[in-house]
1. Within the range 67-88, how many residues are surrounded by fewer than 18 Cβ atoms within 10 Å (Cβ to Cβ) and not acidic (Asp, Glu)?
2. Is there any pair linking a residue in the range 107-122 that is free of Cβ contacts under 8 Å to residues at least 40 places away in the same chain and among the hydrophobic types (A, V, I, L, M, F, W, C) to one that is part of a loop (DSSP other than H, G, I, E, B) and open to solvent by less than 40 Å² (accessible area, probe 1.4 Å), with Cβ under 6 Å and at least six apart or on different chains, and which?
3. Counting residues that are within 13 Å of the chain's Cα centre (by Cα) and among the aromatic types (Phe, Trp, Tyr), which helices (runs of 4 or more DSSP H) fully inside the range 22-124 reach at least 1?
4. Of all residues in the range 141-160, which are surrounded by fewer than 13 Cβ atoms within 10 Å (Cβ to Cβ) and either free of Cβ contacts under 8 Å to residues at least 12 places away in the same chain or not in a helix (DSSP H, G or I) (or both)?
5. For the range 1-21, name all the residues that are open to solvent by 50 Å² or more (accessible area, probe 1.4 Å) and either within 14 Å of the chain's Cα centre (by Cα) or basic (Lys, Arg) (or both).
Amino acid sequence: MVADGLQVLFCGINPGLMTAVTGHHFAHPGNRFWPVLHRSGFTPRLLKPSEQRELLSYGLGITNVVPRATARADELTAEEYREGGRRLALKVARLRPRWLAVVGVTAYRAAFGDRKARVGPQQRLIGDSRVWVLPNPSGLNAHWTAATMAQEFGRLRLAAQT
């Protein structure tokens, strides 16, 4: 779900099992990506995972750090993250989105070797693309509510518009 010159390329950690079965990103019913995306103003209505192609018309896309599907992200190895970060950097340099938005600070730290990264805009550039780390929308992430996630996604949306 990518194209050249997107406003924002969202990057999940890896496909969950439901995504692997359906072929739709963030497909697990407990994942808050789609509601948060809408609540933050990125989409004019709540999209279903099966409607993911509509994101391209809004200048948005989705990819993953690691392609291997797992039940939980903690099943991934450090090497998978590092290799995923290398592949992601090549993809971003080729596609040139305005912003790369990695959903999950732990995944970003592992993929790019940046142990001190926090949620928000990063100093790192990949080519000309800016990088923003967003909270992981998984239902397993109890540190962030849908409302607080929507605020952070909204900060990115405003930055992407300027």
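1. 11
2. Listed pairs, sorted by first residue: Val119/Pro135.
3. It comes to 33-39, 105-112.
4. Within the range 141-160, Ala142, His143, Leu158 qualify.
5. Answer for the range 1-21, where residues must be open to solvent by 50 Å² or more (accessible area, probe 1.4 Å) and either within 14 Å of the chain's Cα centre (by Cα) or basic (Lys, Arg) (or both): Val2, Gln7.
The values are calculated or read from the model by the stated rules, or taken from the named source; none is laboratory data. What you see is a predicted model, and the numbers here were worked out from it, not measured in a lab. Heads up, the Cβs are rebuilt from the backbone with ideal geometry, glycines too, and the neighbour counts pull from every protein chain shown. The accessibility values were calculated without ligands, DNA or RNA, using every heavy atom of the protein model including side chains. Shrake-Rupley method; radii C 1.70, N 1.55, O 1.52, S 1.80 Å.
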